[in-house]
1. If one computes the Cα centroid of region 12-59 and of region 124-138, what distance in Å separates the two points?
2. Within 14 Å, Cβ to Cβ, of K11, how many net charges do the neighbouring residues add up to if Lys/Arg are +1 and Asp/Glu are -1?
3. What is the angle, in °, between the Cα long axis of helix 127-142 and the longest principal axis of the Cα atoms in the chain? Nearest 10 is fine, range 0 to 90.
4. Can you check what the net charge comes to around G110, using other residues whose Cβ is under 15 Å from the Cβ of G110 (Lys, Arg +1; Asp, Glu -1)?
5. Hey, what did region 6-142 get for relative contact order, percent, Cα under 8 Å, at least 6 apart?
6. What share of the DSSP beta bridges in the chain is antiparallel, in percent to the nearest 5?
7. Under 5 Å between amide hydrogens, which residues at least 5 positions from R54 or on another chain qualify, with H placed 1.01 Å from N in the peptide plane?
8. Quick one: longest stretch of the chain between exposed loop chymotrypsin sites (Phe, Trp or Tyr not before Pro), exposed meaning at most 15 other C-beta atoms within 10 Å and loop per DSSP?
Amino acid sequence: MTVYKGANIPKWAQKVEAIANAILKQATNDMLNSIDVVAGINRGGSRVRGTIPRDLGTLAASLQSSLRGSTALTGEKSYQMVVGQIKVGDRAEFVWGGNAAPYARAVHYGTRNTAGTFWVDVAVNGWRGYVRRATVKAKATIR
């Protein structure tokens, strides 16, 4: 067991902060990376819960990622830049749609005639699991 003295508290606090940030980055990356893009109805696929259907539009590529209210980065993998800079306590936003895909809400929640895929809801509902796995990974690297 490690024993810390009063003079070591700043070092200990830095280590704890670094571990917490690593867990946050890993969990956020894993959550966003888990959202699959699958063939949509127009490409012979179907609406699969928890996925983004790729048909003829730009829904998957319409992801806008921002950190601390900054200008949003756009693109299917734009979240990678945000994940690389995020720290505990930061506010990050990940939004699909906008001008590139104004139909995002209808695909996500569905319409009267088409089932929604709820990819954001499915990913967010799994947040605790992503954090748990990232914590296990972080613990394994410190021991």
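1. Cα centroid of region 12-59 versus Cα centroid of region 124-138: 13 Å apart.
2. +1
3. Rounded to the nearest ten degrees, it is 40.
4. +2
5. Value for region 6-142: 27 percent.
6. Values: 7 of 10 bridges.
Around 70 percent of the beta bridges assigned by DSSP in the chain are antiparallel ones.
7. V38, A39, G40
8. 5-102
Values quoted throughout were computed directly from the atomic coordinates according to the rules given, and no laboratory measurement underlies them. On a predicted model such as this, the values are computed, not experimentally measured, just so you know. Neighbour counts are summed over all protein chains in view; Cβ atoms, including those assigned to glycine, are modelled from backbone coordinates with ideal geometry.
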